[in-house]
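Quick notes on the structure that follows.
The values are calculated or read from the model by the stated rules, or taken from the named source; none is laboratory data. Every value quoted in this text rests on a predicted model; they were computed, and no experiment measured them. So basically every Cβ, Gly included, is an ideal-geometry build from the backbone, and we count neighbours across all protein chains shown.
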Amino acid sequence: MPVFYREIATLMIESLNLEVTTDEIALDAPLYGEGLGLDSIDVLEVALVVSKRYGLQLRADSVDNQHIFSSLRHLADHIAAQRTK
Amino acid sequence: MPTIPLLSHAGPEQIVAWQQGKAVSVRQFLADAAQLAERLPAGKHLLNMCSDRYAFTVGLAAAILSNKISLLPPSHAPEMISQLQRYAPDVFCLSEQVQPLIALPHTLCPPTPAPITDTCIIPQIDADQRIAVVFTSGSTGIPQPHPKTWGYVVHSVRAEATRLGLMGEESYTLIGTVPPQHMYGLESTVLMALHSGNALSHQQPFYPADICGAIADVPAPRVLISSPVHLRALLDSGLQPAALALVISATAPLSAPLAQAIEARYHAPLLEIYGSTETGLIATRRPVAGVEWQLLPGISLVAKEEQIYAVSEYITPPIVMNDVIELVATDRFLLHGRIADLVNIAGKRNSLTNLNHQLTSIPGVLDGVFYMPDESGPDHTTRLMAFVVAPTLDAPQLLAALRQRMDAVFLPRPLIFVEKLPRNSTGKLPRAAVQALLRLHTTKSVA
């Protein structure tokens, strides 16, 4: 797994106390629901950590939010494209 | 028979809502509601899934005008939807989504604004008309219905608006981060706007940046109606929203430090409101001024046989409160947390009895129990965990089955497979035994 994807996976696991390893998060599996099982509270928590570390504010109305959280790849790509630090 | 108007605004040009920067007048709102009312199917019950708060409000008004009942279940999980259908076989879903998310007959909201007419008469609604049925999750897995009449909810939100100081000359805009599909959001972000002469924002912002955007989109004075989860996220984001006149929080207690930080950062008083699905809201407090809750006028709490009942002219028969309450005076009380069986995660309520029932009803589960760990700290979300005896199932299978039966916030994290549960001779599971099992598991996983 590319380094930045691994970094975002680690950030999610640490901020949400998930009981998985980075290798167990498939790059294209959904983060919501059936996949990793995140819910809206988790998403808010991840958004907060992302804003602090990468200086970007996630918005539900700017880009398709379902798309961003549809997989680790999409989330990491979005952060990589929008980060300010 | 007494009647109450659909809304309390004084004239047809007053503002009911703000939608994408545009004011929606009473005249327009009534035209939109009448247009939708004509298109609603024959069924008497609806599940209003509109996520746009203005669309939801139009849906609610159209339902009231055509004497239909809005159903408010505690979750929209597939099992709950099946139970709603058993309760009301004619139930249909109303939403603005072309692709319906719920397995029910679907009605699409017509486009607004609808054509307006010259005449504008604010409809009168029978005070005894049943406008909603709110469900709580019962201990046996069967949701318990709590019918709400028009007179009841209007009385309640008028008392709330009076307490919050929103009944005066000024026209406030209410911005809600909580969904209108639950009692708190329905009362405080929708019905209170209709019955205090104020306006609501159509948005339902989620991320801190969205909340700031929704606040900036509407004119001052503004009221933010939210929950500890959203308020903590907003504060932690460091973003500074446009001026707020008032911040309201409910669903879970807010710690004094968080309340102080919010008041200091946003230069606005923060008031908490307290209530239940069964009673609606009954009390308020300002956490920076003290821990005591002040009952709304007309409501009293009565202790009877070690339980506390809420009672008022509208709350008859009296309703037992599911929290540990200490009466301080006739109109004031202290809240000491929830009764152990009830869990409230991010404003969604359930009972451990019901969750255990759902878990052990899954084919292949021989035994199982949910466990709520002690709170790690105020304002943080503590997650449920569960122990399960299910030798033929694995975690993904079990979680998929649970997801069919409960809202995702109640899914156990972690879910621990064990050979058997430490039940005592009477079949009970003392909390201490579960705690010991937890210690055993955590030591194991560390080692």
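General remarks:
- Filtered by the rule that a residue be in contact (Cβ under 8 Å) with a residue 60 or more places away in the chain and either under 17 Å from B:T177 (Cβ atoms) or small (G, A, S) (or both), the stretch B:245-264 gives B:A245, B:L246, B:I248, B:A250, B:T251, B:A252, B:L254, B:S255, B:L258.
- The single condition among (1) hydrophobic (A, V, I, L, M, F, W, C); (2) within 21 Å of the chain's Cα centre (by Cα); (3) modelled with pLDDT of 90 or more that B:A268 does not meet is (2).
- Some residue of the stretch A:44-52 being among the basic types (K, R), closer than 24 Å to B:T382 by Cβ and surrounded by fewer than 18 Cβ atoms within 10 Å (Cβ to Cβ): yes
- Candidates B:S82, B:S75, filtered to the one that is assigned by TED's automatic domain parsing to the domain that holds B:V134, among the hydroxyl-bearing types (S, T, Y) and closer than 15 Å to B:P105 by Cα: B:S82
- Failed item, numbered, when B:T284 is tested on (1) touching a residue at least 40 places away in the same chain (Cβ under 8 Å); (2) more than 28 Å from B:P257 (Cβ to Cβ); (3) of a type in the set (S, T, Y): (2)
- Put simply, of B:V190, B:V229 the only residue that is within 14 Å of chain A (Cβ to nearest Cβ), of a type in the set (A, V, I, L, M, F, W, C) and in a helix (DSSP H, G or I) is B:V229.
- Those residues of the stretch B:232-271 which are over 19 Å from B:R285 (Cβ atoms) and either within 14 Å of chain A (Cβ to nearest Cβ) or not in a helix (DSSP H, G or I) (or both), in sequence order: B:A233, B:L234, B:L235, B:D236, B:S237, B:G238, B:L239, B:Q240, B:P241, B:A242, B:A243, B:H267
- Unmet requirement for B:A214, which otherwise passes all of (1) in contact with a helix residue (DSSP H, G or I) (Cβ under 7 Å, 6 or more places away or on another chain); (2) crowded, with 22+ Cβ neighbours inside 10 Å; (3) part of a helix (DSSP H, G or I): (1)
- If the condition is being at pLDDT 95 or above and within 18 Å of the chain's Cα centre (by Cα), then the stretch B:227-248 contributes B:V247, B:I248.
- Identity of the residue in the stretch B:397-422, within 14 Å of B:M372 (Cβ to Cβ) and not aliphatic (A, V, I, L, M), that ends up farthest from the chain's Cα centre (by Cα): B:P414
- Of the residues making up the stretch B:96-125, those that are hydroxyl-bearing (S, T, Y) and out of contact with any Asp or Glu (no Cβ under 7 Å at 6 or more places or on another chain) are B:T107, B:T117, B:T119.
- Residues satisfying the stated conditions in the stretch B:384-411, i.e. more than 10 Å from every other protein chain (Cβ to nearest Cβ) and assigned to a loop (DSSP other than H, G, I, E, B): B:L384, B:A390, B:P391, B:T392, B:L393, B:D394, B:Q404, B:R405, B:M406
- Residue match in the stretch B:153-173 (condition: within 14 Å of another protein chain (Cβ to nearest Cβ) and either of a type in the set (S, T, Y) or under 13 Å from B:A17 (Cβ atoms) (or both)): no
- Looking only at residues of the stretch B:64-86 that are among the charged types (D, E, K, R) and surrounded by fewer than 19 Cβ atoms within 10 Å (Cβ to Cβ), we find that the one that is nearest to B:I125 (Cα to Cα) is B:R86.
- The stretch B:211-251, residues that are of a type in the set (D, E) and out of contact with any Gly (no Cβ under 7 Å at 6 or more places or on another chain): B:D236
- In the stretch B:303-314, the residues that are modelled with pLDDT of 85 or more and either surrounded by 13 or more Cβ atoms within 10 Å (Cβ to Cβ) or of a type in the set (A, V, I, L, M) (or both): B:A303, B:Q307, B:I308, B:Y309, B:A310, B:V311, B:S312
- For the stretch A:2-41, the set of residues classified as among the acidic types (D, E), within 14 Å of chain B (Cβ to nearest Cβ) and surrounded by fewer than 14 Cβ atoms within 10 Å (Cβ to Cβ) consists of A:E19, A:E24, A:E34, listed by residue number.
- Some residue of the stretch A:53-71 being assigned to a helix (DSSP H, G or I), within 12 Å of another protein chain (Cβ to nearest Cβ), surrounded by 14 or more Cβ atoms within 10 Å (Cβ to Cβ) and over 10 Å from the mean Cα position of the chain (by Cα): yes
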